[in-house]
Ligand code: NAI
C-alpha cells in the first residue's frame, strides 16, 4: 500500500509547460505529482498567454521570478540557477509536444509528456535516442493505468486465471462533441485541426488510453493486423474523426474490438474493458473504478473490490485508500507520477538494475501509442482495409 512515505532520495525540482488556468489536464498533473512529496513545483511556463500564466503560477505558489512567459525562457532561466528545475511536465496541445520535449532533453531535463506523445514513430525514435544519449527519462501520462485494479487485471492474466486470451473488447466514448463546433473553445479547436492535433482526433485523444491499458494487462499479446473505420459525423472535423471502430487480430489468434467516439450522445460511461479468456473473463470500467468483475465459466459472477486482501500483491502494492474508500483517477495519476519519479531517481543514481525491473509508462509506451495510431490511419485511409501491423 502506498502511504506517502518518500521512496526516493529527495524531492525532484519540477516545472510545467502548459496546464494553465484554462487547461483541462493541468490540475491532474499537479495533484498527481504533488501527492507524495516526490516533486516540488518550482517553475512553469503555464500558458500561451504569458501574463495569465504568470498570474496563475503565483496563485498556485510558484515564485513570480520563476513563472516564465515561454518554455524557452524557462529552460534558459532555470539553467542559470544552482537549484534549477530537473524535470518538466508538458501539458500543451499535441503539436507542441515534440519540440518542447526535444528542447528540454537537450537542456538536460527529464520530461513527462502528455499523450499522444508525438505525430510520428520517426519522431518518437529520434527522441528515444536523444533521451538515451542524455541519460534522461521520458514518462507519458496515461491517466488511469496507475489504478490498482488495472494491475490486478494484469496479475490475473499473468497467473493464467483467465486461460488463453480470446477476446479483447474496449470502449472509450462520450457525447461532448455531438453538436457542431460553432463557438467551440480552444481545447476543441486544436483537437479538430490536423495541424495542431496530429493525424487523429478521438483515436489519439482517447483511443490511446485504451490501447496502452490493454498493453499493461496483456503485455504478451501483439497485434498482427488491424482494420480501422473512422468517420467525422461533424463534417468540419474531416479529415479527422469524431468516431472510430478498430478490429484487431493478435498473434495468439485473439480478436479485438475497440470503439472510440466523442459523439456518443448522452453517454457518460467513459472507459470500459472486457478481457475474455478460455476459462474466465474480467471486466472493468472507470465509471465504477473500485470494482472488477470476475466471471469464471459455470460459476456465479464475482465482484472484486480494490484494497481487499484477496487481491494480488501487485494490486495491493498500488493501492492508496484501502478497501471501502473510493480509489479513483487522482490516485491513479499519483501512482503514475510516483513510478516516473522512481525511474528518474534511479537514473540519477545510475541504478540500471532497478530500471530494468521497474514498471512505468516511458518512451516505449508513448511510441507504441503513436505506432498504433499510424496503423489505424493507414487502414482507415485505405478505405477501412485490413493492414499488417508495422
Ligand atoms: P487545453 O487546450 O485545455 O489546455 C492547454 C494548456 O496549454 C492551456 O493552459 C494553454 O494556455 C497552454 N499552452 C498551449 N500552448 C502552450 C505553449 N506553447 N506553451 C505554454 N503553454 C501552452 O488542452 P488539454 O485538454 O489540457 O490537453 C493538453 C494535452 O493533454 C493534450 O496533449 C491532450 O491530448 C492531453 N490530455 C491528456 C489527458 C490524460 O488523461 N492524460 C486528459 C486531457 C488531455
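Quick notes
- Qualifying strands (runs of 3 or more DSSP E) (wholly inside the range 243-304; at least 3 residues being in the same structural domain as residue 152 (by TED's automatic domain parsing) and within 30 Å of residue 322 (Cα to Cα)): 270-277, 280-285, 291-296
- Residue match in the range 164-187 (condition: assigned by TED's automatic domain parsing to the domain that holds residue 379, assigned to a helix (DSSP H, G or I) and surrounded by fewer than 22 Cβ atoms within 10 Å (Cβ to Cβ)): yes
- Residue check, residue 111 within 16 Å of the ligand (Cβ to nearest atom), over 15 Å from residue 370 (Cβ atoms) and in a strand (DSSP E or B): yes
- One residue from 220, 174 being more than 21 Å from residue 289 (Cβ to Cβ) and under 21 Å from the mean Cα position of the chain (by Cα): 220
- Search result, residues across the range 25-45 that are touching a strand residue (DSSP E or B) at 6+ places or on another chain (Cβ under 6 Å) and part of a loop (DSSP other than H, G, I, E, B): 25
- Residue that is under 20 Å from the mean Cα position of the chain (by Cα), outside the structural domain of residue 282 (by TED's automatic domain parsing) and in contact (Cβ under 8 Å) with a residue 24 or more places away in the chain, where the choices are 327, 314: 327
- Residues located in the range 53-73, provided they are touching a helix residue (DSSP H, G or I) at 6+ places or on another chain (Cβ under 8 Å) and within 16 Å of the ligand (Cβ to nearest atom): 54, 57, 58, 60, 66, 67, 68, 69, 70, 71, 72
The values are calculated or read from the model by the stated rules, or taken from the named source; none is laboratory data. What you see is a predicted model, and the numbers here were worked out from it, not measured in a lab. FYI the Cβ positions are ideal-geometry reconstructions off the backbone, even for glycines, and counts take in every protein chain you see.
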